[in-house]
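Engineer: My structure is below; once you've seen it, I'll send some questions.
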Ligand code: AMP
């Protein structure tokens with residue numbers, strides 16, 4: 001289990017020490033929004049999809065174990081995903097002296113993963129959950145334009161099904177435990193980013209121009 005620390009943040013460091021989960025269907029813009037926040041506030045961006053794709057591309061044992069799941073749009077077994085997250089957070093913790101903040105992109109996707117993540121980080125460690133909501137037509141439009149190797153029809157269909165079957169109930173379950181910010185992600189990248197920032201940062205930080 002990772003070292004237990006109280007979630008601590010203030011408007012002076014923007015979002016750098018916040019622990020934020022970003023959840024949404026494929027094509028919601030999770031990676032894009034996390035990148036914007038990470039570039040702007042220095043918050044570490046941990047994307048399970050990206051880490052898994054990297055492992056596949058470099059042909060590591062993990063990559064060989066997950067290749068089929070990622071290519072076909074199936075969920076990678078919890079044990080492997082959670083190890084990736086654990087290792088990444090641990091390596092951040094060794095590199096930093098202050099509280100470790102991060103944007104966790106693409107995990108949890110199921111109630112079991114959410115429970116395991118809480119156990120991994122000790123209760124109270126996640127301070128914000130962002131749920132990007134997006135309509136199916138926009139998902140299809142964006143994924144067609146993106147053309148990633150797992151964006152073929154069959155895989156997209158499976159990922160959307162998985163999202164509906166497992167992730168939406170997980171978000172509902174999670175909202176009973178902590179606030180979940182629902183953000184309408186059908187809008188432009190800049191509008192969505194502005195909405196996220198205004199909901200995450202206290203009003204005084206926004207008006208003082210520190211963001
Ligand atoms: P993403 O980049 O978040 O769309 O994820 C791409 C693919 O990586 C997914 O379709 C899954 O195969 C795998 N993946 C990413 N995150 C998870 C997760 N939390 N649980 C299981 N599989 C995952």
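Engineer: Return a yes/no flag: does the stretch 52-66 have any residue that is under 18 Å from residue 167 (Cα atoms), surrounded by 14 or more Cβ atoms within 10 Å (Cβ to Cβ) and within 14 Å of the ligand (Cβ to nearest atom).
Structural biologist: No.
Engineer: Another question, if that's okay. Filter the stretch 67-77 for residues that are at pLDDT 95 or above and more than 7 Å from the ligand (Cβ to nearest atom) and give the result. Walk me through it before giving the result.
Structural biologist: Quick first cut of the stretch 67-77, residues at pLDDT 95 or above only: 67-70, 74-77.
Within the stretch 67-77, 67, 68, 77 qualify.
Engineer: With in a loop (DSSP other than H, G, I, E, B) and at pLDDT 85 or above as the only criterion, which of 191, 150 stands out?
Structural biologist: 150
Engineer: Related question: Count, please, the residues in the stretch 86-116 that happen to be buried (at least 16 other Cβ atoms within 10 Å of the Cβ) and either away from the ligand (no atom under 13 Å from the Cβ) or free of Cβ contacts under 8 Å to residues at least 40 places away in the same chain (or both).
Structural biologist: Summing the residues that are buried (at least 16 other Cβ atoms within 10 Å of the Cβ) and either away from the ligand (no atom under 13 Å from the Cβ) or free of Cβ contacts under 8 Å to residues at least 40 places away in the same chain (or both) in the stretch 86-116 gives 6.
Engineer: While we're here: Which helices (runs of 4 or more DSSP H) does the stretch 53-127 wholly contain that include 2 or more residues that are under 29 Å from residue 16 (Cβ atoms)?
Structural biologist: 78-95, 111-121
Engineer: Is there a residue in the stretch 116-124 that is under 13 Å from the mean Cα position of the chain (by Cα) and modelled with pLDDT of 90 or more?
Structural biologist: yes
The values are calculated or read from the model by the stated rules, or taken from the named source; none is laboratory data. Every value quoted in this text rests on a predicted model; they were computed, and no experiment measured them. Here Cβ is always computed from backbone atoms with ideal geometry, including for glycine, and neighbour counts include all displayed protein chains.
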